[in-house]
Amino acid sequence: MLASSTAPCTQHKITSALIVVFASAFALLTATPAAAQHTEPVSIYVTAEQGAKIISGLNHGNFRLFEDGQPKEFRLETPEKPVSIALLMEYSRSSGMYFNDIQASIEGFMRAVPTGEWMALATFSKDLEVRVDFTKDRGELEEAFASLGQPKWSEISTYDAVYEMLDKMSHLKGRRVLILIGSGQNTLSKHTLDDVKKKIQSTNVTVYGIGVGSLLRGKYERHLSTSGRMGLMQAEGFMRMLADESGGEAWFPKFESAFNGVMKGVMQSIDHQYRLVYTSQAPADGKFHKIKVEAFRVVNDKRENFKVRARAGWRF
């Protein structure tokens, strides 16, 4: 009787144990792994402004840094020198209508760029072409620009060119700047606007946009169809997006003579950047994590806030 009454009980216990083991194994196999944290220190490059004036001389106590709404500890360090500055220039048959603006931009850059910075020149129409890899000799860039042949294509693959340049520059060390000189229009690209936005969010490159063709655009815009005007608005919005996401700025000069001053403004902005270094606690989950930087100064117990140009966030 003891044998017959205890055997079913033992079998029941064994069966229950096996169910628990299999359930645990299934849970381990099907569980979504937790995203790893991004633990490498990252740098946020910031400019502080009051109206048209760039504010210099701020210290650690003049800044506050937030990631996903949470305050973050950071170090204020000297921005790296020299800076790696790449010029990305639209150069297609379609660009001929506003080539004077492009030329004025290049000449303005050559006058404004400080000695000792790393410089590169790339052009794009249908495809991206690196004309001069990074060098400290501005004469190489001037010679390459002067020797450009006639463009072969009318297409403007702006999205692809920006995406590819960001990818190339992501492998560089130190402070990296991309200056896009073009109309912002895109007629032929395999990458989408969203692709480029995600790329800039995951790449620590500051982008400055120099919009060309504004005078021509203003002259003929009233003759365009609704879709044509929308295309121009989208082109301008694309360049502003690159600047806003990366902490740079976009300019759209209406006169050829203004490009020299615009390039001076770009160089002044780069020269007056602050560098905030911190360790992010955001998971490396591919999602966007928002950054906010505040800059201020307290004078006579009154807080004076400044406009801040900083990247919008990270996509780790």
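The values are calculated or read from the model by the stated rules, or taken from the named source; none is laboratory data. This structure is a prediction, so every number in the text was calculated from the model and none was measured. Every residue, glycine as well, gets a Cβ built from its backbone with ideal geometry; the counts of neighbours run over all protein chains shown. With ligands, DNA and RNA removed, areas are computed over all heavy atoms of the protein, side chains included. Shrake-Rupley method; radii C 1.70, N 1.55, O 1.52, S 1.80 Å.
A compact table of results
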| item | result |
| --- | --- |
| Computed P(r) (all Cα pairs; segment 39-96; 5 Å bins; percent) | 4, 10, 17, 17, 15, 13, 8, 7, 5, 4, 0 |
| Zone of Phe99's modelled label, taken as backbone nitrogen in segment 117-153 under 16 Å from a point 7 Å along Cα→Cβ | 123-126, 144-153 |
| Segment 148-209: mean projected area of Cα convex hull, nm² | 4.9 |
| Exposure of Leu193 as accessible area (Å², to 10), given a probe of 1.4 Å and all protein chains | 70 |
| Area accessible to solvent at Arg240, 1.4 Å probe radius, in Å² | 100 |
| Gap separating the Cα centres of segment 169-216 and segment 106-148, nearest whole Å | 16 |
| Residues of segment 252-284 with amide N under 16 Å of the 7 Å Cα→Cβ point at Val299 | none |
| From phi via Karplus (6.51, -1.76, 1.60), per-residue ³J(HN,Hα) for segment 60-67 in Hz, x at Gly/Pro | 4, x, 8, 10, 10, 10, 10, 10 |
| Net charge of neighbours whose Cβ lies under 14 Å from the Cβ of Val298, counting Lys and Arg as +1 and Asp and Glu as -1 | +1 |
| Tensor-based shape of segment 83-185 (alpha-carbon gyration tensor, a/c under 1.5 rounded, otherwise prolate or oblate) | oblate |
| Long-range amide H partners of Glu304 with built H, under 5 Å | Arg297, Val298, Val299 |
| Heavy-atom accessible area ranking, 1.4 Å probe, most first, across Phe145, Phe63 | Phe145, Phe63 |
